[in-house]
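Scroll down for the structure; my scribbles are underneath it.
Since every read-out is calculated from the coordinates, none of them should be taken as a lab result. On a predicted model such as this, the values are computed, not experimentally measured, just so you know. Don't worry about glycine lacking a Cβ; one is built from the backbone with ideal geometry, like all the others, and counts go over all protein chains shown.
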């Protein structure tokens, strides 16, 4: 029997086990998806399109600095694709299929081409849809239609190497991934500093942006060449896929989906934390006072997962660039820039708050450390504060913005560290939230559950939105930031106290 | 003279379910007490009550004659317990985690280093000191969890089945380590299913749920 026929037979057995989605399930999922898209998605997209089509937004979007931002975001997408590939690659089948096909003599190309095709096409479509949304203001106004369409086509071409890098993250060894990471960071540096007609992939994409360099043939040719090379690379990488990689990713993803399904989003995200295998010879002096020892320990700990730390640093710098862009926008979608930069800062702080998680983990357990959970959490503050405050504010200044904007970025960075500390003490979902809440429209318990799950993101979005609408900026931001930080500290202490009792 | 740790008629009943039948024990410095009983008899619950992690629904636990409040600094400093796995730092080597623990108890770098080496050698895992926790076997992890608990200072040591997943040689190392601490004046209460460990330590025995 040929390989493809054997793969089909194996998948048929898997479907027959009943764990696979039935046609009825698929139809119901499609029905729910259409409903959600119609009720929630369409109004949101319409709001974004109208906001982007506003005259002030059009002026800001047509500015050359926006094209530069596109180049930076494009380069960041590649760095992010590599990092994502390390924890959740494009080939992540059901664990049963991963073991059955991966441990057989069937070639990786025959075994996994279906998974790879689905993931890659999905990623390309998602990136292209996002690109279409960003130029929707131009399309809605009928301005620079040709360039906008060229940008959409260029985004599709840019998405193909993105898929290849995602696959590379799953296939290559840790050492090769580190080399890839260095190359991608160099490309990011190029996207930040080189002229937009330099024809690096990200600058080529930015060159297609309405308000960019005004050329389409050269950038599209460059991106087309990248896409062709990426297709060849995908085929070569697929042949090198090892079964243990597919199994690791499959088991991790299944565990994450199960945890997320039970409401334990933190536990699910925890599975994405890479384990250190290098850097064990980096010495921690454990100098006194204790706060210095903890800072040394946290810094070395972060450096032991260098790709994770590098991605976080880059994301924090990008958030700083986002704040600089925010400061440039006098009108228009300031809130989009503010919330985007806030959420990016929140996410990027992740690798620097492992100490918060470990401190929170000691609450309510036999004492191992000579300090309470609250003290330990406070001792772990310096590293995330340094990163959350310094990196975005320096990036703001490097992006050419003023000191007031840098102070604002520093303030929101510090606030988001407080939100992170609060979030790390969350613990399991209270059982009361899972009780049914009957309403005429049905069971409303999921609203409370989702609000509980997403409270840190809601805090981040609200604080960022508040900042975008606040008439005060710079040092005056402290007037409202300090009471909010005090409230978050009190809420964090309350959670730790409840966990300890 | 006041006993170091006293539990008088302690019991835990939740929704009419008896998690710990009424139990009384007294332990003084340098004493060792093995808590024995069938699975589900209440051994771990007794340790949790003695560690101040679970309130007894009846009876009292006294530390040096005072009601036990584990959030009180002096009580937290007196009682070390291993009931389940302690929190681990995945990005620190074994030696670093132990040194960090010592640093939080006030040791300078030199003292912390010496204490760390001593605990690792005592449990026969000094050769693993540069490893991360994810690189340990289940038996090695059990020894490391014990090391984390033994690394901190304490006057009362509570251990839940310290022999789990250990071969006879490692059980002997654990028994030696506990005997040394007992000799230094530490009171030790440990739940166990291992007769060999009880005999090696030469501890008194309390059987939980014997009259149920």
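With R₀ fixed at 51 Å, the C-beta to C-beta distance from residue A:478 to residue A:23 puts the FRET efficiency at about 0.30. The simple Förster model, with R0 at 51 Å and r as the Cβ-Cβ distance, assigns residue A:225 and residue B:135 a FRET efficiency of 0.70. Would you mind classifying chain A by shape? Square roots of the alpha carbon gyration tensor eigenvalues, ordered a ≥ b ≥ c; an a/c under 1.5 is rounded, otherwise it is prolate if a/b is larger than b/c and oblate if not. The shape class here is rounded.
What shape does the stretch A:24-112 take by its C-alpha gyration tensor, where a ≥ b ≥ c are the square roots of the eigenvalues and a/c under 1.5 counts as rounded, a/b above b/c as prolate, and the rest as oblate?
Oblate, since a/c reaches 1.5 and b/c is not below a/b.
Using a/c under 1.5 as the rounded threshold, could you call the stretch A:97-214 rounded, prolate or oblate? The axes a ≥ b ≥ c are square roots of the C-alpha gyration tensor eigenvalues, and prolate needs a/b larger than b/c, oblate otherwise. Judged from the Cα gyration tensor, the stretch A:97-214 comes out oblate (a/c at least 1.5, b/c at or above a/b).
Of all the options B:36, B:48, B:114, the one that moves most in a Gaussian network model of chain B with Cα springs shorter than 10 angstrom is B:114. Ranked by how many other Cβ atoms sit within 10 Å of their own Cβ, fewest first, the residues B:53, B:159, A:269 fall in the order A:269, B:53, B:159. Each of residue B:18 and residue A:34 was given a label point 7 Å from its Cα along the Cα-to-Cβ line. The distance between the two points is 6.2 nm. For residue A:149 and residue A:282, the difference between the fully extended length at 0.36 nm per residue and the C-alpha to C-alpha distance is 42.8 nm.
Each 10 Å bin from zero up to the one holding the largest Cα-Cα distance in the stretch B:5-207 carries the following percent of pairs: 9, 35, 36, 18, 3, 0. Within 10 Å of the Cβ of each residue in A:236-244, the mean number of Cβ atoms contributed by other protein chains is 0. Compute the angle between helix B:168-183 and the longest alpha-carbon principal axis of chain B, please, reported from 0 to 90 degrees and rounded to the nearest 10. Long axis of B:168-183 versus the principal axis of chain B: about 70 degrees. Counting only DSSP beta bridges with both residues in the protein assembly as shown, the antiparallel share comes to about 50 percent. Please work out the FRET efficiency for the pair residue A:12 and residue B:60, using the Cβ-Cβ distance as r and a Förster radius of 41 Å; give the result to the nearest 0.05. The formula returns an efficiency of 0.05 here. Quarter the surface of the alpha carbon convex hull of the stretch A:54-253 and you get the mean projected area, 11.1 square nanometres. Rounded to the nearest 10 degrees, the inclination of helix B:138-151 to the longest alpha-carbon principal axis of chain B is 80 degrees. Taking the helices alone, chain A has a mean residue ellipticity at 222 nm of -24000 deg cm²/dmol, built from -39,500 (n - 2.57) per DSSP H run of at least 4 residues and averaged over all its residues.
The sum of -39500 (n - 2.57) across all DSSP H runs of n ≥ 4, divided by the residue count of chain B, sets its helix-only mean residue ellipticity at 222 nm to -11000 deg cm²/dmol. Taking other C-beta atoms within 10 angstrom as a stand-in for reagent exposure, A:380, B:169 fall in the order B:169, A:380, fewest first.
Compared with the direct C-alpha span, the chain from residue A:5 to residue A:236 gains 80.9 nm at full extension, assuming 0.36 nm per residue. Compare B:66, B:199, B:16 in a GNM of chain B, Cα atoms joined below 10 Å, and give the one with the largest fluctuation. Highest fluctuation among the options: B:16.
Mean projection of the alpha-carbon convex hull of the stretch A:273-500 over all orientations, in nm²?
If you wrap the Cα atoms of the stretch A:273-500 in a convex hull and average its projections, you get 15.2 nm².
As a length-normalised measure over Cα pairs under 8 Å and 6 or more apart, the relative contact order of the stretch A:72-188 settles at 49 percent. Between residue A:173 and residue A:65, the simple label model (points 7 Å from Cα in the Cβ direction) yields a spacing of 4.6 nm. Helix B:109-122 axis versus longest C-alpha principal axis of chain B: approximately 70°, rounded to the nearest ten. Shielding by partners for peptide B:80-86, expressed as the average number of C-beta atoms from other protein chains within 10 Å of each residue's C-beta, is 3.
Note on A:459, B:105: ascending count of other Cβ atoms within 10 Å places them as B:105, A:459, the fewest first. Once C-alpha pairs closer than 8 Å and six or more residues apart are averaged by separation and normalised to the residue number of chain B, the relative contact order reads 30 percent. Peptide A:297-305 shows a mean partner chain C-beta count of 3 within 10 Å per residue C-beta.
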